[in-house]
Every structure is written in structure tokens, then in C-alpha cells.
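The values are calculated or read from the model by the stated rules, or taken from the named source; none is laboratory data. Quick caveat: nothing in here was measured; it's all calculated off a predicted structure. Here the Cβ positions follow ideal geometry from the backbone for every residue, glycine too, while neighbour counts run over all protein chains shown. For accessibility, only protein heavy atoms count, side chains too; no ligands or nucleic acids. Shrake-Rupley method; radii C 1.70, N 1.55, O 1.52, S 1.80 Å.
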Amino acid sequence: MLNAVKRLWSRREWILVVLGGLALAVALTWPTMRDPRHTVPGDIGDPAMFAWQIAWMGNALLHHPSQLWDSNTFYPDPNSLAFTDTILGYAPFGMIGSGMDAAVLRYNLLYVLLHALAFVGAYALTRQLGAHPLGATVAGIAWAFAPWRLAHVGHLNVISTGGIALSLAMIARGHGWSLRRGHRPDRHSPGWALAGWLVAAWQITLGLAIGLVFAYVMVAVCLVVAALFGWAWWRRGRPAFGRRLLVADLVGGVFFGAATLYLGLAYSRVVELQPQADRSLAWTEMYSPAWRGLFIAPESSWLYGARHATARAELSWPPEMALLPGIALIILAATGIFFSVFRVRHRILLTIGLAVAVLLTLGATLPWNGDPGYLTLSKHLPGWSALRTPGRIMIWTTLVMAILAAGAVSAFVAEVRAAAPWPKAGAARSVLARGKFVVLRLALVIPLALVVVDGVNRSPHPEVLRYPAAMGAASEPTLVLPSEGSLEMSIMLWSTNGFPRIPNGIVTFVPSGQERIRSSSMTFPDSTSIAALRAAGIKSVVVLPEWLSGTPWEGVPNRPVDGLGITREEIDGALLYRLG
């Protein structure tokens, strides 16, 4: 009977956690869901690009999977999907719906859902490690809605972290391990372990910007566990592990490694074809945050944004350097080092891990210039040098802090229960006893309220740019002018209406094919530029007059087309040139 009750409560707990996570995500990302077909959180730059990316991947998998990596943008350069971090794991969502409106709606739904998954993942991890449900809830909110994440509302590849915590929770459960009770071989579950590895493999496919660090963390964890297993075997004989669990780990590890290798090969191919894509360590030094950035919130933080404006202005690049994890989380994590339900040795290890994460977060701004440290890893670990923004290690800093905070809140719950149990019938059930019970129970809500307030946002939600009808009338491949700056991301989004091939797009380098077409179009329309564009395969040019000011194409609308063998027509304020 007792086991049946426990199973019933367990199912109800997780139903409540999932529903609560969804409700929290909608509330703390609001007003994302107020107009999800026409607005995006943050700005119309990166969200437009990621909305296009998801749409393209879904379309490619449905209609021409062999051309997945050769996207319709950056024509004619191959492997263009890998020119920037690729959130391949979201590709199945791109199969649902079509066109620009569906792409924007899909993006907003994923934006909300990834926050819910981050909450559920952190809750699952801290519960598995031994936290009380209230402590796990505090940890989940603190990690999923940390203020520093608000600087990355348009970076789906950075804030899609739910799979990290969830996979660690599943793997820990599969191995019967927690911070509170240690290793319990009777709790081994190969199925949970394998599921954890598969979730980890999916997480890797959401991009190597954070996935590569995750991969190295997993490798480090495996090496540490193997070393401890070998030590225990040598000291006390073969410890309990189990062949089925070992097989589950090996199979899951193969999937995880294959996903990492698959993405790694795609990006290495880009560097082979586009050597300018390779980043030097100067990028890392430029984007390394100062230590004070750990206590400065992004502008879109409701509680701290305006208050930290002066301090934020002193940062050279606030979007990657305003890294406040939340004042409430800092206090709770510091408390958790000394007061916790977790074992002392585990708290010591967590504190050491936190210190390492903080040092890596600071990158090259350490007194010794990050070597040893982040720059050392950039020099010796494959792929690490491409991670030009050390501040994104804040993902791990925040996760360790959330675990420490969960331990502190759980210990607080235990103390309150001991100090104020439910008053029994009779004299003990006095007004004083009831009052003490109520007051202390209400006090338990304080940490929860604090992390919620820390996570409230005031992110702008601008409307995406209207699709120019001239693009729909153009024959592809189509060049859209002007071809520079953040407008390129909107052009990528517009191309989800039919996916015409376009040389437009923007990443941190200029692909060789795009550079040739862009350069040849500077004098358009004249005989030289038209010949060059025709040679590149371009059949149409769409010009957006309202965006030309201050660009090399400013004079295009006033240039004659007589005798050039092309036609020009105006469609809803845009100019469509047909090159024949």
C-alpha cells in the first residue's frame, strides 16, 4: 500500500512540475505569447535568423534531406547551414507549418518551451540529488530564469539548456546516485541511464556554442567515475555496477559521441572551405568579461536593468558581459555551502566546481590572462578556440549555484518542520502553536518569491519586418539589396516563404561567394554588375529603397536601366529587377 501511495504521489508530482513549468515559462517570458505570429522577444535580428534556420531544416528534411547543410541562403556557397551555430535538434518542429508566419510562431513557442524544459530539467536534477520539492523548485526557477539569460533572448543556441540538466538527472538516477545518499547500487536502472545519454545527444544537436563544453564536462565526469570505480575495485574488490548498466552507458555514449562528431565535422568543413571563418584567440580576449560583470544585470531585467545602467555602460560588450545570476541565487548558494542537506564532502566539491566555473567565465581577464585557464583550453582542446565568449560558461556557474541553493532551501524546510510540526489536538493545539506553524511555513515561500522576482523581464517584443511582395514575384536565385547589416537576418526570415536561393545572410565572417556577389553589385545596375550577377547565376534583384540610406547601394533607384537588357518594376514600394 505504501509503495502504491508513493508511486501515485510521484506521478502527481511530475504532472504538477511539468504544468507548473509551462505556466512559469508563459508568465516569465510574457508578453511573448501575446502576439506570437508577428512579434519576437528581444530584437528582430537573431530571432529572425533562428526562425529561418528551424524552418529551413524542417523543409529540407521533408523534401530534400541530402541538401540539409546546403541551405537556400549564402548562395552559391555550400555547407552554409553550418556557417553559424546550428540548432539541428529543433528541426522536427520545422516540419510543422510553412511560410513566414508559421516560422515566427514556431520560434516563439520554442522560446517559451525551452524555458519550461530548463525549469523541469533543473528540478529533476536537484530532486535526484536529494533536494526537497521546494528546494528543487527554487533551483529550477533560478536556473531557467536567471537574469543573465535575458541578454540572450535571441540566442536559442545559448538558452536551450534544459537537456543538460535533464540528461544529468536521468544519468544520475540510472546509476542510483545522489548528493544526499551517495551511491545505491540497488537503485541502478539501465533504462534511465540510456535515456539520459540520448537526451544528452539531443542537447548536443542544439549547437556547439554550449554543447562543446557540455561534451567535455561529460568526458570529465566519465573519467572521474572510472577512476573512482577503479580505486574502489583496487581497495575493496569489484564494486557493484552491473553489465546491463555498463552496456547502457556504452551505447548511450556512442550516440552522444556520434552527435558531437557529426556537428564537429560539419563545422570543420566550413573552416576548410572558408578559412576566414577560423577565429583567433583575440576574439576570446575581446569578449572576456571583467569580474564586476558577475554582479551586473542586462538591460531587460525588470528588477536590476535600470539600476545597473551606469555599471553596465562601463562594460565593453554588455550582451556577453552582464552576467548576474540573481542576487537571491547568490545568497542562497553561499548559504548552501555551509547549511545544506547535502554531505559536507559533496558541498566542498560543488564549491570547487563553482570556483573553476567562475574562473573560466572570466576568460582572459584574470590577473594571469586566463592561461592557465580558459585560454589554455582554447590552445589544447579541439574546438574550444571557436568558443569566443567565455561568459557563456555562466550556464555552468548558475547550475552549480542552483544545486547549492536547493540544498540550503531543503535544509531550511527540514528545520522548519522540526521547529513547528502540525499542532496536535488538545492543549498543544494553541493559538501560539498554530501561529508559529503558519509563520514558519510562510517563511518557506520567501526564497521562492525572491528567485521569481529576480527572473522577471522587461524585454522588448518588436514586430518582425513585413515581407516584401517583390520577393514573391522574383525568379530565384534572388539578390536583395541592401546586402549588409542586421537586415540580412530579416531577409533570411522572408525567404521562408518558398525558400528561394539568395546570396543574403549574415554570420561572423563574410563567405567568399557572398563577398563576390556583394562586391559586384555595388554599381548595380550597370553592364559590369549585371554581367557579374548573371555569371553568378542571379536572375532577379529586389531593391528596398527605404533601407538604402547610408549604404553603397543608395543611388540604385535613380540609375537608368535603358539598354542594359533588364526590366524594372515597382511592387508595393520595392523595386524588382529581372536580369533575364
When you scan segment 440-512 for helices (runs of 4 or more DSSP H) that lie fully inside it, which ones turn up with 3 or more residues that are over 24 Å from the mean Cα position of the chain (by Cα) and among the small types (G, A, S)? 469-473
Quick check on G407: is it open to solvent by 30 Å² or more (accessible area, probe 1.4 Å), in contact with a Leu (Cβ under 8 Å, 6 or more places away or on another chain) and either closer than 21 Å to R292 by Cα or of a type in the set (G, A, S) (or both)? no
Among the residues that make up segment 248-265, is at least one of them over 15 Å from A201 (Cβ atoms) and touching a residue at least 24 places away in the same chain (Cβ under 8 Å)? no
How about segment 205-224: which of its residues are more than 20 Å from T361 (Cα to Cα) and touching a residue at least 40 places away in the same chain (Cβ under 8 Å)? T205, L206
Residues (aliphatic (A, V, I, L, M) and under 24 Å from G130 (Cα atoms)) located in segment 178-218: L179, A193, L194, A195, L198, V199, A200, V217, M218
Within segment 6-15, can one find any residue that is more than 23 Å from W148 (Cβ to Cβ), at pLDDT 95 or above and out of contact with any Gly (no Cβ under 7 Å at 6 or more places or on another chain)? no
How many residues are assigned to a helix (DSSP H, G or I), more than 23 Å from the chain's Cα centre (by Cα) and closer than 21 Å to V112 by Cα when one looks only at segment 44-99? 1
If F50 meets every condition in (1) of a type in the set (F, W, Y); (2) open to solvent by less than 10 Å² (accessible area, probe 1.4 Å); (3) without any contact (Cβ under 8 Å) to a residue 12 or more places away in the chain apart from one, which number is that one? (3)
Residues that are part of a loop (DSSP other than H, G, I, E, B) and either crowded, with 24+ Cβ neighbours inside 10 Å or at pLDDT 95 or above (or both): does segment 138-149 have at least one? yes
Modelled with pLDDT of 85 or more, of a type in the set (S, T, N, Q), more than 22 Å from L349 (Cα to Cα) and assigned to a helix (DSSP H, G or I) - does that describe any residue in segment 386-408? no
Qualifying residues in segment 270-300 (those that are of a type in the set (S, T, Y) and out of contact with any strand residue (DSSP E or B) (no Cβ under 7 Å at 6 or more places or on another chain)) - the one most open to solvent (accessible area, probe 1.4 Å): S280
Segment 155-170, residues that are assigned to a loop (DSSP other than H, G, I, E, B) and open to solvent by less than 10 Å² (accessible area, probe 1.4 Å): S160, T161
